[in-house]
Amino acid sequence: MKVAPSVLSADFTNLQQDLHRVVSGGADWLHLDIMDGVFVPNLSFGFPVVEAIRPLTEIPFDVHLMITHPKEYVRRFRKAGADIISFHYESADDVSETMDEICAAGAKPALAIKPGTPAEAVLPYLDRLYMVLVMTVEPGFGGQKFMPDMMQKVRFLKEKAPHVLVEVDGGIHAGTAPSCAQAGVDVCVAGTGVFLAEDPAAAIHALQNA
Ligand code: DX5
Ligand code: ZN
(Lines give C-alpha, C1' and ligand atoms only; values in the text may rest on other atoms or scores of the structure.)
(Ligands and ions follow the chains in the order given, each with its own letter.)
Protein backbone atom coordinates (compact mmCIF):
# COMPACT_ATOMS: atom_id res chain seq x y z
CA MET A 1 0.00 0.00 0.00
CA LYS A 2 0.96 3.60 -0.50
CA VAL A 3 1.02 5.63 2.72
CA ALA A 4 -0.32 9.17 3.11
CA PRO A 5 0.50 10.60 6.54
CA SER A 6 -2.22 12.99 7.75
CA VAL A 7 -0.75 16.38 8.60
CA LEU A 8 -3.57 16.89 11.12
CA SER A 9 -1.49 14.95 13.65
CA ALA A 10 1.79 16.78 12.96
CA ASP A 11 3.42 19.08 15.48
CA PHE A 12 2.41 22.52 14.19
CA THR A 13 5.09 24.29 16.17
CA ASN A 14 7.66 22.25 14.25
CA LEU A 15 5.75 21.59 11.06
CA GLN A 16 8.68 21.82 8.65
CA GLN A 17 10.81 19.39 10.69
CA ASP A 18 7.91 17.02 11.25
CA LEU A 19 7.03 16.93 7.54
CA HIS A 20 10.66 16.43 6.63
CA ARG A 21 10.74 13.38 8.93
CA VAL A 22 7.81 11.68 7.20
CA VAL A 23 8.86 12.64 3.67
CA SER A 24 12.41 11.42 4.17
CA GLY A 25 10.90 8.43 5.97
CA GLY A 26 9.28 7.34 2.71
CA ALA A 27 5.77 8.82 2.73
CA ASP A 28 4.16 8.42 -0.71
CA TRP A 29 1.69 11.32 -0.41
CA LEU A 30 0.79 13.93 2.21
CA HIS A 31 -2.85 13.89 3.34
CA LEU A 32 -4.33 17.30 4.22
CA ASP A 33 -7.60 17.36 6.17
CA ILE A 34 -9.71 20.46 5.60
CA MET A 35 -12.62 20.90 8.05
CA ASP A 36 -15.20 23.69 8.14
CA GLY A 37 -16.97 23.20 11.47
CA VAL A 38 -20.24 22.56 9.58
CA PHE A 39 -19.79 19.36 7.58
CA VAL A 40 -17.84 17.99 10.55
CA PRO A 41 -17.86 19.24 14.14
CA ASN A 42 -14.25 20.42 14.00
CA LEU A 43 -12.03 23.03 12.36
CA SER A 44 -8.57 22.38 10.99
CA PHE A 45 -6.57 24.57 8.60
CA GLY A 46 -6.96 26.06 5.15
CA PHE A 47 -5.17 27.60 2.16
CA PRO A 48 -2.31 29.33 4.02
CA VAL A 49 -1.03 26.07 5.52
CA VAL A 50 -1.29 24.13 2.25
CA GLU A 51 0.49 26.96 0.41
CA ALA A 52 3.18 27.28 3.06
CA ILE A 53 4.17 23.62 3.00
CA ARG A 54 3.88 23.14 -0.79
CA PRO A 55 7.52 24.17 -1.48
CA LEU A 56 8.83 21.70 1.12
CA THR A 57 8.31 18.58 -0.98
CA GLU A 58 7.37 17.31 -4.41
CA ILE A 59 5.29 14.33 -3.25
CA PRO A 60 1.59 14.55 -4.15
CA PHE A 61 -0.74 16.54 -1.89
CA ASP A 62 -3.91 14.56 -1.20
CA VAL A 63 -6.43 17.14 0.01
CA HIS A 64 -9.47 15.76 1.87
CA LEU A 65 -12.28 18.32 1.91
CA MET A 66 -14.64 17.78 4.84
CA ILE A 67 -16.61 20.90 3.99
CA THR A 68 -20.21 21.67 3.03
CA HIS A 69 -19.60 23.35 -0.36
CA PRO A 70 -16.48 21.71 -1.79
CA LYS A 71 -17.06 22.89 -5.36
CA GLU A 72 -16.61 26.53 -4.38
CA TYR A 73 -13.13 25.91 -3.00
CA VAL A 74 -11.65 23.53 -5.58
CA ARG A 75 -9.78 26.17 -7.61
CA ARG A 76 -8.17 27.73 -4.59
CA PHE A 77 -6.99 24.41 -3.16
CA ARG A 78 -5.58 23.49 -6.56
CA LYS A 79 -3.78 26.83 -6.65
CA ALA A 80 -2.48 26.22 -3.12
CA GLY A 81 -0.91 22.96 -4.32
CA ALA A 82 -3.46 20.13 -4.25
CA ASP A 83 -2.80 17.24 -6.66
CA ILE A 84 -5.66 14.96 -5.61
CA ILE A 85 -8.87 16.48 -4.27
CA SER A 86 -11.32 14.32 -2.29
CA PHE A 87 -14.77 15.64 -1.48
CA HIS A 88 -17.69 13.99 0.28
CA TYR A 89 -20.66 12.35 -1.41
CA GLU A 90 -22.66 13.63 1.59
CA SER A 91 -21.71 17.29 1.02
CA ALA A 92 -24.24 19.77 -0.33
CA ASP A 93 -22.76 20.08 -3.83
CA ASP A 94 -23.58 18.11 -6.96
CA VAL A 95 -21.13 15.20 -7.32
CA SER A 96 -20.79 15.37 -11.10
CA GLU A 97 -20.31 19.13 -11.17
CA THR A 98 -17.73 18.99 -8.39
CA MET A 99 -15.78 16.27 -10.23
CA ASP A 100 -15.86 18.43 -13.39
CA GLU A 101 -14.54 21.39 -11.43
CA ILE A 102 -11.66 19.31 -10.02
CA CYS A 103 -10.72 18.00 -13.47
CA ALA A 104 -10.99 21.46 -15.03
CA ALA A 105 -8.66 22.77 -12.33
CA GLY A 106 -6.12 20.10 -13.33
CA ALA A 107 -6.36 17.92 -10.22
CA LYS A 108 -7.40 14.28 -9.79
CA PRO A 109 -10.95 13.74 -8.46
CA ALA A 110 -11.72 11.46 -5.52
CA LEU A 111 -15.06 10.81 -3.86
CA ALA A 112 -15.20 10.16 -0.10
CA ILE A 113 -17.93 8.23 1.72
CA LYS A 114 -18.72 8.31 5.44
CA PRO A 115 -19.14 5.01 7.31
CA GLY A 116 -22.94 5.16 7.00
CA THR A 117 -22.92 5.60 3.21
CA PRO A 118 -23.04 2.41 1.12
CA ALA A 119 -20.34 1.80 -1.49
CA GLU A 120 -23.09 1.56 -4.14
CA ALA A 121 -23.46 5.34 -3.89
CA VAL A 122 -20.25 5.90 -5.86
CA LEU A 123 -21.07 3.45 -8.68
CA PRO A 124 -22.47 6.06 -11.10
CA TYR A 125 -19.22 8.03 -10.89
CA LEU A 126 -16.61 5.26 -10.87
CA ASP A 127 -15.58 5.61 -14.51
CA ARG A 128 -14.61 9.25 -13.96
CA LEU A 129 -12.97 8.90 -10.55
CA TYR A 130 -9.27 8.62 -9.83
CA MET A 131 -9.96 7.32 -6.34
CA VAL A 132 -12.63 6.48 -3.77
CA LEU A 133 -11.93 7.38 -0.15
CA VAL A 134 -13.61 4.92 2.21
CA MET A 135 -13.75 6.47 5.69
CA THR A 136 -12.93 3.94 8.40
CA VAL A 137 -13.98 6.35 11.19
CA GLU A 138 -16.57 9.15 11.34
CA PRO A 139 -14.78 12.13 9.78
CA GLY A 140 -13.75 14.99 12.04
CA PHE A 141 -11.02 13.80 14.37
CA GLY A 142 -7.75 11.92 14.40
CA GLY A 143 -7.06 9.10 16.83
CA GLN A 144 -10.36 7.20 16.54
CA LYS A 145 -10.95 3.45 16.36
CA PHE A 146 -10.81 1.67 12.98
CA MET A 147 -14.13 0.19 11.72
CA PRO A 148 -13.29 -3.24 10.25
CA ASP A 149 -16.74 -3.58 8.62
CA MET A 150 -15.71 -0.96 6.06
CA MET A 151 -13.45 -3.54 4.36
CA GLN A 152 -16.56 -4.97 2.68
CA LYS A 153 -16.86 -1.67 0.80
CA VAL A 154 -13.21 -1.89 -0.25
CA ARG A 155 -13.65 -5.41 -1.61
CA PHE A 156 -16.85 -4.41 -3.42
CA LEU A 157 -15.20 -1.39 -5.06
CA LYS A 158 -12.04 -3.26 -6.11
CA GLU A 159 -14.27 -5.90 -7.72
CA LYS A 160 -16.38 -3.35 -9.59
CA ALA A 161 -13.50 -1.14 -10.76
CA PRO A 162 -10.02 -2.56 -10.13
CA HIS A 163 -8.38 0.44 -11.86
CA VAL A 164 -9.88 3.02 -9.47
CA LEU A 165 -7.71 3.54 -6.40
CA VAL A 166 -9.25 2.89 -3.00
CA GLU A 167 -7.98 4.87 -0.02
CA VAL A 168 -8.89 4.27 3.62
CA ASP A 169 -8.73 6.91 6.34
CA GLY A 170 -9.04 6.60 10.10
CA GLY A 171 -7.53 4.34 12.71
CA ILE A 172 -4.85 2.85 10.45
CA HIS A 173 -1.75 1.50 12.20
CA ALA A 174 0.37 -1.66 12.13
CA GLY A 175 -2.46 -3.63 13.78
CA THR A 176 -5.20 -2.67 11.33
CA ALA A 177 -3.16 -2.32 8.12
CA PRO A 178 -3.01 -6.06 7.24
CA SER A 179 -6.80 -6.30 6.92
CA CYS A 180 -6.72 -3.21 4.65
CA ALA A 181 -4.03 -4.72 2.45
CA GLN A 182 -5.95 -8.00 2.28
CA ALA A 183 -9.13 -6.22 1.19
CA GLY A 184 -7.24 -4.56 -1.67
CA VAL A 185 -6.63 -1.04 -0.34
CA ASP A 186 -4.24 0.99 -2.53
CA VAL A 187 -3.55 3.94 -0.23
CA CYS A 188 -3.83 4.25 3.52
CA VAL A 189 -3.97 7.51 5.45
CA ALA A 190 -2.37 7.50 8.89
CA GLY A 191 -2.26 10.45 11.26
CA THR A 192 -1.50 9.42 14.82
CA GLY A 193 -0.11 6.08 13.57
CA VAL A 194 2.75 7.91 11.84
CA PHE A 195 3.25 11.31 13.47
CA LEU A 196 2.98 10.06 17.04
CA ALA A 197 5.12 6.98 16.39
CA GLU A 198 8.54 6.94 18.01
CA ASP A 199 10.03 6.14 14.60
CA PRO A 200 7.78 7.57 11.84
CA ALA A 201 9.91 6.04 9.06
CA ALA A 202 9.52 2.57 10.58
CA ALA A 203 5.78 3.15 10.99
CA ILE A 204 5.50 4.14 7.31
CA HIS A 205 7.46 1.09 6.17
CA ALA A 206 5.33 -1.21 8.32
CA LEU A 207 2.19 0.11 6.60
CA GLN A 208 3.73 -0.08 3.14
CA ASN A 209 4.68 -3.72 3.71
CA ALA A 210 1.53 -4.79 5.57
C1 DX5 B 1 -10.41 12.25 10.14
C2 DX5 B 1 -9.40 12.58 9.10
C3 DX5 B 1 -8.22 11.69 9.13
C4 DX5 B 1 -7.41 11.70 10.40
C5 DX5 B 1 -6.87 10.32 10.58
O6 DX5 B 1 -11.55 12.98 9.87
O7 DX5 B 1 -9.96 12.49 7.81
O8 DX5 B 1 -7.38 11.91 8.00
O9 DX5 B 1 -6.36 12.62 10.39
O10 DX5 B 1 -6.23 10.22 11.81
P11 DX5 B 1 -5.86 8.81 12.47
O12 DX5 B 1 -4.92 8.13 11.52
O13 DX5 B 1 -5.19 9.21 13.73
O14 DX5 B 1 -7.11 8.04 12.68
ZN1 ZN C 1 -8.64 12.58 6.03
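Percent of Cα pairs in the stretch 18-82 per distance bin of 10 Å, from zero to the largest separation: 21, 51, 25, 3.
With all protein chains present, how much of the accessible area of the chain (probe radius 1.4 Å) comes from carbon and sulfur, to the nearest whole percent?
Working: 4590 of 9020 Å².
Percent of accessible area from carbon and sulfur atoms in the chain: 51.
Across all Cα pairs in the stretch 60-210, the calculated P(r) in 10 Å bins from zero up to the longest distance comes to 12, 42, 36, 11, 0 percent per bin. Scanning residues 5 or more positions from A112 or on other chains, those with amide H under 5 Å from its amide H are F87, H88, Y89, L133, with H placed 1.01 Å from N in the peptide plane.
Taking all protein chains together and a 1.4 Å probe, the residues E90, E51, E58 rank E58, E51, E90 from largest to smallest accessible area. In the chain, the DSSP beta bridges split such that about 5 percent are antiparallel, to the nearest 5. Restriction of the GluC sites (Glu not before Pro) in the stretch 104-210 to DSSP coil positions whose beta-carbon has at most 10 other beta-carbons within 10 angstrom yields E198. The phi-based Karplus calculation (6.51 cos²θ - 1.76 cosθ + 1.60; θ = phi - 60°) puts the 3J(HN,Hα) values of the stretch 23-35 at 5, 6, x, x, 4, 7, 9, 10, 9, 10, 8, 10, 10 Hz, whole numbers, x for Gly and Pro. Pairs of Lys residues in the chain, spaced 8 or more positions apart or belonging to different chains, with C-alpha separations under 23 angstrom: 18 in total. Taking the chain as a Gaussian network, where each spring joins two C-alpha atoms under 10 Å apart, which residue of D62, D33, D127 fluctuates the most? Fluctuation is largest for D127.
Taking 0.36 nm per residue of separation and subtracting the Cα-Cα distance, what length does fully extending A105 through T68 add?
Values: separation 37, 0.36 × 37 = 13.32 nm, distance 1.93 nm.
The span from A105 to T68 would gain 11.4 nm if fully extended.
May I ask you to derive the FRET efficiency for F47 and E198 from their Cβ-Cβ distance with R0 = 30 Å, giving the value to the nearest 0.05?
0.40
Here the convex hull built on the C-alpha positions of the stretch 1-138 has a volume of 110 cubic angstrom per residue. Looking at the chain, the accessible area is 43 square angstrom per residue; that uses a 1.4 Å probe and ignores ligands, DNA and RNA.
The values are calculated or read from the model by the stated rules, or taken from the named source; none is laboratory data. Computed from a predicted model, the values in this text were never measured in an experiment. Every residue, glycine as well, gets a Cβ built from its backbone with ideal geometry; the counts of neighbours run over all protein chains shown. Just so you know, the surface numbers come from the protein's heavy atoms only, side chains and all, with ligands and any DNA or RNA stripped out. Shrake-Rupley method; radii C 1.70, N 1.55, O 1.52, S 1.80 Å.
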